[in-house]
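Taking it in order: structure first as structure tokens, then the write-up.
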Amino acid sequence: MAYQITGEKFGVYTKYFGFVTGEEFLQSVFPGQSDPEFERWRYFIKDFLQVTGHSVGPKDIKVAAIHGLGAEISNPNIKIAIVTADQGIHDLVTGFTALTHYPVDFFDTVADARVWMGQLANV
């Protein structure tokens, strides 16, 4: 498994590392959306800084976005922070942002992402 999910008071922090497959990426997305606490969450932080490579493709992003559309109905108040220095990951996530209504932004550090989240991301 190339990721670790940590539940926080108002959201979820997911850290990816090593080589991430498309299947692993999707496995990391679905538990958050089906969690009983999902309706009270306000953010997702996706930290890709320690990813050395990936096989996540546009199809994987589209599947995640389609599931996200359903999630938006039960909780429209989510913000998504993407932490990456990898242009390929940035480009893939840009495909996701075209399919979602959630605010999504990119950051160089987790600390910057937490600032964007405001007080919600203080763990």
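Throughout, read-outs are computed from the coordinates displayed, never taken from laboratory work. These numbers were taken from a predicted model, which means no experiment stands behind them. Positions of Cβ are generated from backbone atoms using ideal geometry, with glycine treated the same way; all protein chains shown enter the neighbour counts.
Observations, loosely collected:
- Among the GluC sites (Glu not before Pro) within the stretch 18-123, those in coil by DSSP and having at most 16 neighbouring Cβ atoms inside 10 Å are 37.
- The stretch 8-110: trypsin sites (Lys or Arg not before Pro) in DSSP coil with no more than 12 other Cβ atoms inside 10 Å: 9
- 222 nm mean residue ellipticity, helices alone, for the chain (DSSP H n ≥ 4; -39,500 (n - 2.57); rounded to 500): -12500 deg cm²/dmol
- For the chain, the convex hull spanned by the alpha carbon atoms encloses 89 Å³ per residue.
- Proximal lysines to residue 62, defined as alpha-carbon separation beneath 25 angstrom and excluding residues fewer than eight positions away on the same chain: 15, 46, 79
- Net charge, residue 106 excluded, C-beta distance under 13 Å - Lys, Arg +1, Asp, Glu -1: -4
- Environment charge of residue 45, counting only residues whose C-beta is closer than 12 Å and scoring Lys/Arg +1, Asp/Glu -1: +1
- Prolate/oblate/rounded call for the stretch 64-114, Cα gyration tensor, a/c under 1.5 rounded: oblate
- Calculated FRET efficiency for the pair residue 50/residue 101, C-beta based, R₀ 25 Å, to 0.05: 0.30
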